[in-house]
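The values are calculated or read from the model by the stated rules, or taken from the named source; none is laboratory data. Just so it is clear, the structure is predicted and the values come from calculations on it, not from any experiment. Methodologically, a virtual Cβ is constructed for each residue, glycine included, from the backbone with ideal geometry; neighbour enumeration extends over all protein chains shown.
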Amino acid sequence: MKEYPNVTVLKHPVLTHKIAILRDKNTPTSEFRTIVKEIAMMEGYEALKDVMTKDVEIETPIEKTVQQMIEGKKLCFVPILRAGLGMVDGFNALIPTAKVGHIGLYRDETTHEPHEYYCKLPEGLEDMDIYLLDPMLATGGSGIDAVKMLKKHGAKKLHFVCIIAAPEGVEAFIKECPDVPVIIGSLDRQLNENAYICPGLGDAGDRIFGTYKY
Ligand code: PRP
Ligand code: URA
């Protein structure tokens, strides 16, 4: 895949190790969920590196000092339901005061097109740094639709954070949303005929919530 200035593929042996555990079909739901949270925290640490801070005067046991702190209320984490929910705790562990919005989308099994079924977002999105969370960027359809929904509600400053992406999805997303930086844990090989990421990890929502049939 071509390199894009707005696309960051993270590279760290701990992250790669944890993603390998997610990929393993024998990893049970409880461990899968824990690891998605840990990965989200690691990705969040990187994704939040340019977040706005403000000067705050505090007093140490020694003296008064002005330090930079994050204004959590100006941050909004938005998981795409269902699978994105698995990443919220990891982001909240970093910034517990951030607001959380929710967007519900499901992919049609035949057309692979996303369908909206839920949207609840906080007021004042136009002044917030928004982090859209979804473990999987496959065709890119869900991420693109979620960005459109957020922009319709006033969002201006957005990031998209995923754990695994397919090159096809990244290209589609960058084409439609060139102004939204993408943070990726692993860029995989390709989509298969069912628009699943290869090697991927299967259906992220099913693996987080234990609803898979296999
Ligand atoms: C998965 C995943 C993304 C979407 C990615 O959700 O969590 O939202 O597919 O695919 P795309 O890039 O081709 O749109 P799914 O629709 O399976 O819903 P779920 O999270 O409820 O399982
Ligand atoms: N959604 C998933 O959960 N996994 C994929 O591989 C593709 C879309």
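A few remarks follow.
- Test: residue in the range 51-74 that is out of contact with any Phe, Trp or Tyr (no Cβ under 8 Å at 6 or more places or on another chain), within 30 Å of Asn192 (Cβ to Cβ) and away from ligand 2 (no atom under 16 Å from the Cβ): no
- Cβ-Cβ contacts under 9 Å between residues 6 or more apart (or on different chains), taken from a first residue in the range 136-147 that is at positive phi and near ligand 1 (Cβ under 8 Å from one of its atoms) to a second residue that is among the aliphatic types (A, V, I, L, M) and in a loop (DSSP other than H, G, I, E, B), are listed as Gly140/Ala166.
- Options Thr97, Thr65, Thr111, Thr16; residue that is out of contact with any Ser or Thr (no Cβ under 6 Å at 6 or more places or on another chain), in contact (Cβ under 8 Å) with a residue 12 or more places away in the chain and outside any helix (DSSP H, G or I): Thr97
- The residues on offer are Leu75, Leu105, and the sole one that is closer than 21 Å to Val170 by Cα, crowded, with 16+ Cβ neighbours inside 10 Å, among the aliphatic types (A, V, I, L, M) and touching a residue at least 40 places away in the same chain (Cβ under 8 Å) is Leu105.
- Looking only at residues in the range 180-194 that are without any contact (Cβ under 8 Å) to a residue 40 or more places away in the chain and in contact with a strand residue (DSSP E or B) (Cβ under 8 Å, 6 or more places away or on another chain), the one that is farthest from Leu15 (Cα to Cα) is Asn192.
- Verdict on Glu123 being more than 16 Å from ligand 1 (Cβ to nearest atom) and at pLDDT 95 or above: yes
- So Gly205, is it within 17 Å of the chain's Cα centre (by Cα), among the small types (Gly, Ala, Ser), crowded, with 18+ Cβ neighbours inside 10 Å and on the phi > 0 side of the Ramachandran plot: no
- Qualifying positions in the range 156-214 - touching an Asp or Glu at 6+ places or on another chain (Cβ under 6 Å), assigned to a loop (DSSP other than H, G, I, E, B) and over 26 Å from Glu31 (Cβ atoms): Lys156
- Across the range 124-145, the qualifying residues are those that are surrounded by 24 or more Cβ atoms within 10 Å (Cβ to Cβ) and in a helix (DSSP H, G or I), and the one among them that is farthest from ligand 2 (Cβ to nearest atom) is Gly143.
- Number of the condition not met by Leu48 [criteria: (1) over 20 Å from Leu187 (Cβ atoms); (2) aliphatic (A, V, I, L, M); (3) touching a strand residue (DSSP E or B) at 6+ places or on another chain (Cβ under 6 Å)]: (3)
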